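Please treat every number below as a calculation from the coordinates, not as lab data. Predicted, not measured: the structure shown is a model, and the values here were computed from it. All Cβ positions, glycine included, derive from the backbone under ideal geometry; neighbour counts span all protein chains shown.
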Amino acid sequence: MTEPQQHLSLVCDIGELSNLIIESRDINAFLQQTVQLVAAHLHADVGSIYLYDDDLGELTLKATVGLDSSSVGKVRMKIGEGLVGTTMAQMAPLCDGDARQHPQFKYFVETKEDPFKSFLSVPIHRGAEKIGVLVVQHREADFFDTSDIMALRAIAAQLAGTIASARLMMDLPKPKAKAGGADRVLNALRIVKGEATVPGYALGPGALLRPVDPLLTETPDSVFHNSLDGYRKAKQETLDQLKLLQERLVLQLPESAALIFEAHNMILKDRRFDAQVSECIRDGKTAADAVRRTALHFAQIFEASSSPYIREKSQDIMDLARRLLFNLQKEKAGNASPMDAHIVISSQLFPSDVLKLASESVAGIIFVGGGITSHVAIIARSLKIPMIITSEVRLLQVPEETQVLMDADVGNIYINPTQEVLRPFEERNRTRKHISAGPLIVADETFTADGVRVHLLANINLLGELSLARELKAEGVGLYRSEFPFIVRSVLPSEEEQRLVYARLFEQMAGLPIYIRTLDIGGDKVLPYLDLPQEANPELGLRSIRFLLKHREVFDQQLRAILRAGRDADHLGIMFPMIASMDEFAAARQALEQAISSLDTENLPHHTNPLVGAMIEMPAVLSVIDELAAAADFFSIGTNDFIQYMLAVDRTNENVADYYRAFHPSVLRALAGIVASVSAHHKPISVCGEVAHDPEFIPFLLGIGVRRLSVDPQFIPSVQKTVASTSVSSAQDYAKSLLAVPTVKQVDELRCQWHIRRDAR
Ligand code: PEP
Ligand code: MG
């Protein structure tokens, strides 16, 4: 038991200690000194640190004073196992006066911890990112009190940033795989089944996302040019490469190409960064060492920031250091972009990561544990990066650079494929290239087999997709997901910047209807620079229209930018996402009216009467659908979210993918009811979720009266084909039969029969 004021000095000491990592680049020494300090300050008999390995899902004892030192590296536990595992599972301190009586207590023989009764542990974490657990123990019962808990928490908070930046710099020693462990994983994983998410074929070395590059850690100094001159040349080469990368990206990501390497450029041109590297070299350090030290120092400063956006930039600094070191080498092998032509395997991905990976020309992405309708999958498709989603976590243990073949047409992943496996794929790939070189035949207008007109519009996520939309004769933009230009920026784009992005939409799709959805941020689409509080349940949090109505300045700016960009548009629709009530729709519409009148007052040219629509994504609107149908000018059903909320299944979670069923009777009946109500009010309604391009679902949609589908441009030809081969009369019979049965099983049987009949025709 200690006095609170003493704890402050302890936190300061730990802060001092973290310099030790820079000096020695030895995390084990740092952790050992930390536990000694902590135990001494809290008068504890034992002080220990366990670190969490995300890939293995395990905690490992990394440093201890008081427990048997030979148990370091050997004692391991899963989340939820023993008191330490429980602390990590609950992400909360655990204090017990007599640990052995605790129901979760588990005795680890190696530690020889028998004599210690009092137990206090706190999780070390950064937001939701698990880093480890800090523990103190004492022989006497009931030794620790509230002030000790507070002290340990403060230390854990301090440690989190330091350990996270150390992880960037040096690979924390992973538990040694048992003899032949890697081989066993490789043997067990010769072929892995996954969900084909973005079709394609990719072959390349595997890479876990954000690996620790050997250039940052173990490459000897003799490999590098070590003079100040060498550093200056490497710096110039790095600047040139970044410029080239940006130019390459302009076609793919016109709205944000310049921004992806913004932080790299800024740091590289920063006088303090440059001065610190030069000073280190003049002080006698090698150029490589100077770059590493300076980068780590800057990364640590960023890591300590309270802003998640700045903290995230520490990754950019380490990436920049790696690029500098690459160019400092006397002989360069490989590529400055480590992910270039690699197949990236990751269990944690955000849409912004996919944008960055595209800039590094990755060959394919394997997303362990993601959901097929997540925005990560949607953006990968826009960028045409083959992607497979799988629940096979052992893929995260496949050694770096292992040869991986992705057949993303069917969802198969082959590890170390043999020549026999490779040959047919290479053949197929050649044929595919040949076919895709030819023109795609699409009719100007789409009709069902019995001559009913159906409108096909494009979902646009990135401006780079507009040319394909035009080429494939999209009849307009049915959904512009306006959030992607926001995702890669470092600050909120200004009204003017947004206006320029939207203007490209109107220019390139001139004369055609354009429906822009206002910002749908939240859930899996995060804007780190907004520094919003972490949410335990982001899909149920301050998402979408809720966010916009709370942050009116963001909403107003976006509405003004759209109205100004579309000033001459013949047909502009603005739609609000995730509307849950009449009140929300009215509030959003009022914001739009205010934006129009502010532009009137300022005499700025703008569109004066856009159509105002609601996206149907929340089951909450089912009971007010008649009133909503009367109030809005048009509707678009976002089935991705509608299914998620109707069935309470997280669309980003592969574990519950089996529950995510578009053909669930409740979903089918709800969709039929919505379309009937809206059609009764003679208002247009489209479907813009993933089911709109599903050849199995399209007949049902046609059968319930949907005549507008909005799909990613690449699907237009196949959707046209499905529509053309379906007659409305048969689709109506089919829909009627599905709507008449109450169970998923019966629906599935009817689907099966329908396909058999159809195939027989
Ligand atoms: C949907 O929810 O179906 C939709 C089109 O919106 P998003 O996928 O962008 O959430
Ligand atoms: Mg949605």
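Annotations for the structure displayed:
- Modelled this way, with points 7 Å down the Cα-to-C-beta line, the labels at Glu553 and His681 are 3.4 nm from one another.
- Efficiency of FRET from Cβ geometry, Glu495 and Met582, R₀ 25 Å, rounded to 0.05: 0.30
- Over 29 Å apart at the Cα level, from the set Lys130/Lys233; Lys233/Lys356; Lys243/Lys525, are Lys130/Lys233.
- Placing R0 at 51 angstrom, the Cβ-Cβ distance between Ala740 and Ile191 gives a FRET efficiency of 0.80 after rounding to 0.05.
- Separation between Cα centres of region 463-485 and region 362-420, rounded to whole Å: 26 Å
- For region 225-328, the Cβ-based charge dipole about the Cα centre amounts to some 240 debye (Lys, Arg positive; Asp, Glu negative; other atoms uncharged).
- Degrees separating the helix 744-760 axis from the principal Cα axis of the chain, which is the longest one: 60 degrees
- Highest mean first, the peptides 361-368, 292-299 sorted by other C-beta atoms within 10 Å per residue fall in the order 361-368, 292-299.
- Whichever lysines have a C-alpha closer than 27 Å to that of Lys473, once near sequence neighbours (fewer than 8 apart) are set aside: Lys384, Lys433, Lys683, Lys721
- With the convex hull drawn around the C-alpha atoms of the chain, the volume per residue stands at 193 Å³.
- Residues Phe119, Phe634, sorted so that the one with the fewest Cβ neighbours within 10 Å comes first: Phe634, Phe119
- Mean residue ellipticity, 222 nm, helices only, the chain: the sum of -39500 (n - 2.57) across DSSP H runs of n ≥ 4, divided by residue count and rounded to 500, is -14000 deg cm²/dmol.
- For Glu507 and Ala92, the difference between the fully extended length at 0.36 nm per residue and the C-alpha to C-alpha distance is 144.0 nm.
- Three-way shape call for region 225-328 based on the alpha-carbon gyration tensor, with the a/c threshold at 1.5: oblate
- This model, with +1 at the C-beta of Lys and Arg and -1 at the C-beta of Asp and Glu, gives the chain a dipole about its Cα centre of some 1420 debye.
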